[in-house]
Amino acid sequence: MFVDSHCHLDKLDYTDLHNGIEDVINKAKQAKVESLLSVGVTLDSFPKMLEMIAPYEQVHASCGVHPLDVESDFSLDKLYEYAKHPKVVAIGETGLDYHYQPETAELQKLRFEQQVELAVEVNKPLIIHTRNAREDTLSILKNGGADKCGGVIHCFTEDLKFAESAMELGFYISISGIVTFRQAKELKEVVAALPLERLLIETDSPYLAPVPHRGKENQPAYVVEVASYIAQLKGASLSSVAEKTTKNYHDLFLR
């Protein structure tokens, strides 16, 4: 059995590709993907996403404000209220992205610090997005006491040193379909070196579909391709990758 530790179920194509969220979940089940985590990126969009996944026991949610959405409406009170919902198992997606929006760096840092503080307070793990912001990301996590709540560096594309620093804080490393891309040579080397005990797998649907689906919209069922590629890189069986990443998911989010 597999899990998709990071997807955006409210952003999939329900007009042409899927006949509602139940169709997506059934396709995942057919691929032996047993649990999904639907990740929030703004406070405005969260209630609709929560309503969408509410009937499905195997689907959980996170709430947070993405670093590329820091100029959207923000309320700590509202985030705290959402964080207490029993379906919510994590805070995020939060973090820093200096690649696409360097001009909002200061506001990104403020919102990130606020969400780290909240995660520690409610004792729910963090889902971290980081791009071109290694030092600031680690600094805010360390200074904010994020080792108390733990979390995951999602859609990992950093180097081994960053991964080791994050793991020292008790964080997991989540691998997406990027690892299957031909040009992702450094990432393949990093994944080969990381212990399975600290890895998660994800799709980041509807983005970043793995080979052989690259260029199409991604979906949770495709997380099996990520697991299969990791197994090849590590010389491990697919079943062992499935078993360990599923255990890691439960240990982090369903503790």
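Note down the nm distance, to one decimal, between modelled labels 7 Å out along Cα→Cβ at Lys29 and at Gln183.
3.9 nm
Say the dipole of the range 2-254 comes from +1 at the beta carbon of Lys and Arg and -1 at that of Asp and Glu; which of Leu107, Ala90, Ser174 then lies farthest toward its positive end?
Most positive-ward Cα: Ser174.
Looking at the range 1-147, I'd like the Rg to Rh ratio, where Rg is from alpha-carbon atoms and Rh is Kirkwood's inverse mean 1/r.
0.99
Treating only the Cα positions of the range 1-80 as identical point scatterers, give the base-10 log of I(q)/I(0) from the Debye formula at each q in 0.22 Å⁻¹.
Values returned for q = 0.22 Å⁻¹ are -1.03.
Hey, which of these cross-link pairs are over 22 Å Cα-Cα: Lys87/Lys161; Lys32/Lys247; Lys29/Lys247; Lys32/Lys124; Lys48/Lys78; Lys11/Lys216?
Checking Cα-Cα distances, Lys87/Lys161; Lys32/Lys124 exceed 22 Å.
Which value, in debye to the nearest 20, gives the size of the charge dipole of the range 169-254 about its Cα centre, when Lys and Arg are +1 and Asp and Glu are -1 at the Cβ?
Computed about the Cα centre, the dipole is about 220 debye.
Work out how much length Glu197 to Ala105 would gain on full extension: take 0.36 nm times their residue separation and subtract the Cα-Cα distance, in nm to one decimal.
Values: separation 92, 0.36 × 92 = 33.12 nm, distance 3.30 nm.
Extra length available between Glu197 and Ala105 comes to 29.8 nm.
Which whole number in µm²/s is D for the range 125-255 by Stokes-Einstein, with the Kirkwood Rh taken over Cα pairs at 37 °C and 0.692 mPa s?
So the translational diffusion coefficient is about 221 µm²/s.
Compute a Gaussian network model of the chain, connecting alpha carbons closer than 10 Å, and tell me which residue from Val152, Val226, Val211 fluctuates the most.
Val211
Could you tell me which of His6, Tyr229, Ile127 has its Cα farthest along the dipole of the chain towards the positive end, charges placed at Cβ (Lys, Arg +1; Asp, Glu -1), taken about the Cα centre?
Farthest towards the positive end: Tyr229.
Using all alpha carbons of the range 2-254, what is the percent of pairwise distances in each 10 Å bin, ordered from the shortest bin to the longest?
The percentages, shortest bin first, are 8, 34, 39, 19, 1.
Positive end of the charge dipole of the chain (Lys, Arg +1 and Asp, Glu -1 on Cβ, about the Cα centre): tell me which of Leu37, Leu199, Ile140 has its Cα farthest that way.
The residue sitting farthest along the positive end of the dipole is Leu199.
Between Ser174, Ser165, Ser38, where does the largest GNM mean-square fluctuation fall for the chain, given springs only between Cα atoms within less than 10 Å?
Ser165
Helix-only mean residue ellipticity at 222 nm, the chain, DSSP H runs n ≥ 4 weighted -39,500 (n - 2.57), per residue, nearest 500. What is it?
Calculated at 222 nm, the ellipticity per residue is -12000 deg cm²/dmol.
Glu135 to Asn19: FRET efficiency via 1/(1 + (r/R0)^6), r the Cβ-Cβ distance, R0 45 Å, to the nearest 0.05?
The calculated FRET efficiency here is 0.50.
Hey, quick one: spin label on Lys11, modelled 7 Å out along Cα-Cβ, who in the range 97-126 has an amide N within reach, i.e. under 15 Å?
Label zone hits: 97, 100-101.
In the range 47-152, what GluC sites (Glu not before Pro) fall in a loop by DSSP, with at most 13 other Cβ atoms inside 10 Å?
Those that pass, being in a loop and sparsely packed, are Glu57, Glu71.
Provide the packing ranking of 247-253, 12-18, i.e. peptides ordered by the mean count of other C-beta atoms within 10 Å per residue, highest first.
247-253, 12-18
Once each part is reduced to its C-alpha centroid, what is the distance from the range 173-222 to the range 229-255 in angstrom?
Cα centres, the range 173-222 to the range 229-255: 13 Å.
Just to be sure I understand: with springs between alpha-carbon atoms less than 10 Å apart, which residue in Lys78, Lys32, Lys244 has the highest mean-square fluctuation in the Gaussian network model of the chain?
In the Gaussian network model the winner is Lys78.
Taking the beta-carbon count within 10 Å as an exposure proxy, list Met49, Met1 from fewest neighbours to most.
Working: Met49 23, Met1 11.
Exposure proxy ranking, most exposed first: Met1, Met49.
If neighbour count is taken as other Cβ atoms inside 10 Å, put Ile140, Ile153, Ile21 in order from fewest to most.
If I rank by nearby Cβ atoms, fewest first, I get Ile21, Ile140, Ile153.
Throughout, read-outs are computed from the coordinates displayed, never taken from laboratory work. What you see is a predicted model; the values in this text were computed from it and never measured. In this analysis, Cβ positions are derived from the backbone assuming ideal geometry, glycine residues included, and neighbour counts consider all displayed protein chains.
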